[in-house]
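Structure, as structure tokens:
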Amino acid sequence: MARTPDIDENYINEVIKATEAYDPAINKTQGIKLRELVNKICIHFKGEDDYIFGLLSDLGQALDNKINDNEKGANNGLATLGANGKVPNAQLPALAITDTFPVSSEVAMLAISGAEKGDIAIRSDINKSFILTGSPAGVLANWQELLTPGGMVSSVNGLIGDVNLSTSDVAEGTNLYYTNARVNGVVDPKLATKQNTLVSEINIKTINNESLLGSGNISIRTGYTTSGTYTPTITIIQNGTYVYPQESTYTVVGSIVTVYGQFALGLQNTGISELHISLPHLTISSSADLYGHGSSVNGIATDIGISGAYTTGEAHLQMTSKVTGQTATVFFSFQYRAANL
């Protein structure tokens, strides 16, 4: 609200002209002038009343919004600022500070004195930590395990930290550890019975016709080891027009004779061809003691097999001819036990 200007001396002089002589020309009397002055005074004070009322109204509103002294730094009141511009510690509530309690067992965790919500128990017995979520601390359900990332090894055989294990630290279980006594206990009884079960020519063979049973040394005589060459006699029995044998080689170790050779055969027809081949030593122990195989150049002949003939002392070769009118070059080898050595 605008304030009415003050009524000073200049204003009064202007109204009543008190400093000048009375002018009868003015159609006003001193009474009229005085009335005008009084009217102006009333108007002025009325304006002052309105101004004062407005001030009082503003003051009342300000008083309604003020903070009482007994509310400063008091309960249900307002906190104040100290000289440093901060709330004094005396006006701050007690801070909730989390404590940690290293313990060695569940019993020790439940017996923590003074534990409050948010406190942590570090269990060394299981390498885990728990946080207290409610009261009382003596109730196991109020302790919540703090989870750790999975996939990490927390302990080895119940040990933590730098772990060095030996067989003394790990129980055997179903798989027993090696010891000399255990091995000997299994092997020795089996070896003790093996010698008595060997039978010559049944489950053990001979060298140079000498049994491996018994004691002493086995000698190999000079005449039982030799080698040489010969040109075998090859007779066409079936499906061949001509045959040209080449010089063959043989070796003899003990009574075992091994022969390597080749020949050229003129093929007459497709199908089975049979030839008889003489031996460097005339007799064989039995037909079953001779066996061998062969191959041909360019695959003209296949399925080449060699067997023995005890009565004639020959090797019998059979093969399948694939073409006619051509010459098959055949390489062969066979082995037999010689009866005359």
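The values are calculated or read from the model by the stated rules, or taken from the named source; none is laboratory data. Keep in mind the model is a prediction, meaning the values are calculated, not measured. Cβ coordinates were reconstructed from backbone atoms using ideal geometry, including for glycine residues, and neighbour counts include every protein chain displayed.
Can we say residue 181 is modelled with pLDDT of 80 or more, assigned to a helix (DSSP H, G or I) and exposed (fewer than 10 other Cβ atoms within 10 Å of the Cβ)? Yes, satisfied.
Scanning the range 127-148 for residues that are in a helix (DSSP H, G or I) and touching a residue at least 12 places away in the same chain (Cβ under 8 Å) gives a single hit, 140. Only one of the numbered conditions (1) free of Cβ contacts under 8 Å to residues at least 12 places away in the same chain; (2) in contact with a Pro (Cβ under 7 Å, 6 or more places away or on another chain); (3) of a type in the set (Ser, Thr, Tyr) is violated by residue 124, and that is (1). Taken as a whole, the structure leaves residue 93 outside the set of residues that are out of contact with any Pro (no Cβ under 7 Å at 6 or more places or on another chain), more than 25 Å from residue 65 (Cβ to Cβ) and assigned to a strand (DSSP E or B).
If you go through the range 113-136 and keep only what is out of contact with any Phe, Trp or Tyr (no Cβ under 8 Å at 6 or more places or on another chain) and either surrounded by 12 or more Cβ atoms within 10 Å (Cβ to Cβ) or farther than 15 Å from residue 99 by Cβ (or both), you end up with 116, 117, 118, 124, 125, 126, 127, 128, 129, 134, 136.
Checked against the criterion of being surrounded by 14 or more Cβ atoms within 10 Å (Cβ to Cβ) and either in contact (Cβ under 8 Å) with a residue 40 or more places away in the chain or closer than 14 Å to residue 334 by Cα (or both), the candidates 252, 243 yield just one match: 252. When the range 137-177 is filtered for residues that are farther than 16 Å from residue 116 by Cα, surrounded by fewer than 10 Cβ atoms within 10 Å (Cβ to Cβ) and among the small types (Gly, Ala, Ser), the ones remaining, listed by number, are 150, 151, 154, 158, 161, 166, 168, 171, 173.
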